[in-house]
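Read through the structure below, which is laid out as structure tokens, and then see the notes.
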Amino acid sequence: MLNSIQLFGFVLLGGLLAGETARRLARLPRTTGYVLFGLLVGQSGSNWVTPLHVESAQLFIDLALGLILFELGYLVPAVSRTERLARLRAGTAVALASGGLLFAGFVVNAVPATVALFAAALCLATSPAITIATCSDVGARGERTGLLYSLVAINGVIAFAIVMLTLPFLDDGQSLGTFGRLSTGLGSIVGSFLLGGACAAIVLLGAERLERQAEHQHLLILGTIVLGVGTAIYLDISVFLPMLVFGAMVRAIDHDNKVVAIRIASDARVFLVITFVLAGAALDIGHLFSYWREALLISLVRFVGQWAAVWQYRKRLALNPRECLLFSIGLQPMSSVALVLLVNMQMLHNQMSPDLIGMLMATILLMQLLGPLATQTAILGFGEATRLQPAAEPPANHRQGVS
């Protein structure tokens, strides 16, 4: 048996090997290799990485996801007010259309309304980790990539807010009435925005004094993320929403580009590798064998809702029909945050049936495997994958800071 330090090194080296093998031999995204390695060494394979190991690494996972969500918020490009409103409306429509269809489907299948809303919120969020890692690996640069980041970020904010709003209603241990539960959920959302704003203030003020020294600014950002995640845990609010707000506020306020953001795909890839490998280890491929039909149906409903919303806003976003399809494909990866929230939900509450949990686990696994390929396909379709298309010229409307 490996001790925890040996296991950590084994996961890093094994994930690196699996990622490079997937990229070089199969032309697959590295993240697919990370997840496959996790399945191989987790409960679906050799069981070297057990659920106990995953649980003991929860703090590291929270920090990694905090860093990922900060970077997603920071990658949302600065655009004109008119375009910003168009993207906000389009992103909201994407979230509500896909989430609404999923909610209706769950309710029709006799899932209680509150549980159905929670499940739909888990499904509507697009994975920031897969989006960032895949875009980085293929060298995605351009206006369409920036729009994809914007839609993924808006999706995430809405999904996390709905989850925070519904969790008090799923807590059997609370004696609060409807108004009290609603107030608790809304208070958590407001607290998340305030915490994200406070973290942004720390980094913006610190960047003023540190100037553009990457090594010191990266320490400032990482320290603020650790402090923010710890404060969120202390306040018993979402770890994820504050970090996403944190990144978005830094990007929106930092007009002079004084902040040198940390890039998880290059400066801190260790967090990405561990996150994907442990996500694969935590998932049971048996769920996919048992619920593959339901997982495909959930994925299809989700895709239809996303495509319908993007199609509705195609003129405001200046998209042609082919690009509408590509954006819908690019939004397919399901967030590994959904896995964390679902596991936490299982431990704290008993209102979700085993069948519903199995369906959601199967869908998360399916999208963890196919999601990176979907994002890569979208970026290639946009013509913005500079590393896979070395002869291609960068788009004329390339926006500074989008990567």
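The values are calculated or read from the model by the stated rules, or taken from the named source; none is laboratory data. Because the structure is predicted, anything quoted here is derived from the model rather than measured. Note that we place each Cβ from the backbone using ideal geometry, even for glycine, and neighbour counts take in every protein chain shown. Surface accessibility is based on the protein's heavy atoms, side chains included, excluding ligands, DNA and RNA. Shrake-Rupley method; radii C 1.70, N 1.55, O 1.52, S 1.80 Å.
For region 154-299, the Cβ-based charge dipole about the Cα centre amounts to some 220 debye (Lys, Arg positive; Asp, Glu negative; other atoms uncharged). The Cα trace of region 40-80 gives Rg and Dmax of 16.0, 52 Å, the first to one decimal, the second as a whole number.
Taking N as the residue count of region 164-290, its C-alpha radius of gyration divided by 2.2 N^0.38 Å amounts to 1.31. Spatially, region 132-181 and region 235-260 are offset by 14 Å when compared through their Cα centroids.
Sort all Cα-Cα distances of the chain into consecutive 20 angstrom bins from zero, then give the percent of pairs in each bin up to the one containing the longest distance. Binned Cα distances yield the sequence 28, 62, 10, 0. Look at the dipole of region 221-373 built from charges on Cβ: of L235, N257, L326, the Cα furthest out on the positive end belongs to L326. Ranked by the mean number of other Cβ atoms within 10 Å of their residues, highest first, the peptides 116-125, 189-198 fall in the order 116-125, 189-198.
For the pair D355 and L297, the difference between a 0.36 nm per residue extended length and the Cα-Cα distance amounts to 19.4 nm.
As a fraction of the 1.4 Å probe accessible area of the chain, surface on carbon and sulfur atoms comes out at 65 percent.
Residues whose amide H comes within less than 5 Å of that of T126, counting only those at least five positions distant or on another chain, are G156 (H built at 1.01 Å from N in the peptide plane). Residues whose amide H lies under 5 Å from that of T386, counting only those 5 or more places away or on a different chain, are A140, R141; hydrogens are built 1.01 Å from N in the peptide plane.
Heavy atoms of the protein chains alone define the surface here; on that basis the chain has 43 Å² accessible area per residue at 1.4 Å probe size.
What separates the Cα centres of region 289-305 and region 205-234 is a distance of 40 Å. Derived from the Cα gyration tensor, the three semi-axes of the equivalent ellipsoid of region 61-189 are 30, 16, 15 Å, largest first.
Taken over region 190-243, the alpha-carbon convex hull comes to 59 cubic angstrom per residue. Please list log₁₀ I(q)/I(0) at q = 0.14, 0.31, 0.32 Å⁻¹ for region 85-138, using the Debye equation with identical point scatterers on the alpha-carbon positions. One equal scatterer on each Cα of region 85-138 leads to -0.49, -1.05, -1.08. Each Lys and Arg Cβ is given +1 and each Asp and Glu Cβ -1; about its Cα centre, the chain then shows a dipole of about 1140 debye.
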